[in-house]
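The next block holds one structure in the form of structure tokens; read it before the comments.
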Amino acid sequence: METTELHRKLAAETGLISWGDLQRHFARGVVVAVSPGLDLVEVAARVAADDAGALRGWLDAGRVVRATDEHAQRWEATGQTLRAVVVAPWVLAQEAGGH
């Protein structure tokens, strides 16, 4: 799939989700937290393209991580709404207010 087409597809599939609706995915261990400073669609495109170089940089910097219990506790305590997109098997989630 061409990059711009992939970006359009992922952007169209990105939406808001409540923490309550995301919890079951977190319980399965498939939620990836994306730092608010990153473009969620761009990260999703890199995951879909298996771009190990880009992903390694974000992983090493702690900007893209498997969601932790600390994320879950914060999202629960604040009733967080997140932007999310599925790149199977992962659900990439970003606190609303990111790009």
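The values are calculated or read from the model by the stated rules, or taken from the named source; none is laboratory data. Given the structure is predicted, the values throughout are model-derived calculations rather than measurements. Cβ placement follows ideal geometry from the backbone for every residue including glycine, while neighbour counts extend to all protein chains displayed. The protein model used for the area step is the full one, side chains on, heavy atoms only, and it has no ligands, DNA or RNA in it. Shrake-Rupley method; radii C 1.70, N 1.55, O 1.52, S 1.80 Å.
Computed from backbone phi, the HN-Hα couplings of region 37-48 come to x, 9, 7, 4, 5, 5, 4, 4, 5, 5, 5, 4 Hz, rounded to whole numbers (Karplus: 6.51 cos²θ - 1.76 cosθ + 1.60, θ = phi - 60°; Gly and Pro given as x). The HN-Hα couplings worked out from phi for region 5-12 by the Karplus form 6.51 cos²θ - 1.76 cosθ + 1.60 (θ = phi - 60°) are 5, 4, 4, 4, 4, 5, 4, 5 Hz, whole numbers, x standing for Gly and Pro. The 3J(HN,Hα) values that the Karplus relation (6.51, -1.76, 1.60; θ = phi - 60°) gives for region 91-96 are, in residue order, 10, 8, 10, 9, 4, 4 Hz. Gly and Pro appear as x.
How high is the FRET efficiency between ASP51 and ALA96 when r is their beta carbon distance and R₀ equals 30 Å, given to the nearest 0.05? Calculated transfer efficiency: 0.75. Where in region 78-97 does the label zone of VAL30 land, with the point 7 angstrom along Cα→C-beta and an amide N cut-off under 20 Å? Residues 82-95 qualify, since their backbone N sits under 20 Å from the label point. For region 14-99, trypsin sites (Lys or Arg not before Pro) are listed when DSSP marks them as loop and at most 13 other Cβ atoms sit within 10 Å of their Cβ; the list is ARG28.
Solvent-accessible surface of region 3-99, averaged per residue with a 1.4 angstrom probe and all protein chains in place: 55 square angstrom.
Under 5 Å from the amide H of ALA67 lie the amide H atoms of VAL31, VAL32, ALA33, each residue being 5 or more positions distant or on a separate chain, with H modelled from the backbone and absent for Pro and chain starts. Computed per residue of the chain from DSSP H runs no shorter than four, each worth -39500 (n - 2.57), the mean residue ellipticity at 222 nm is -14000 deg cm²/dmol.
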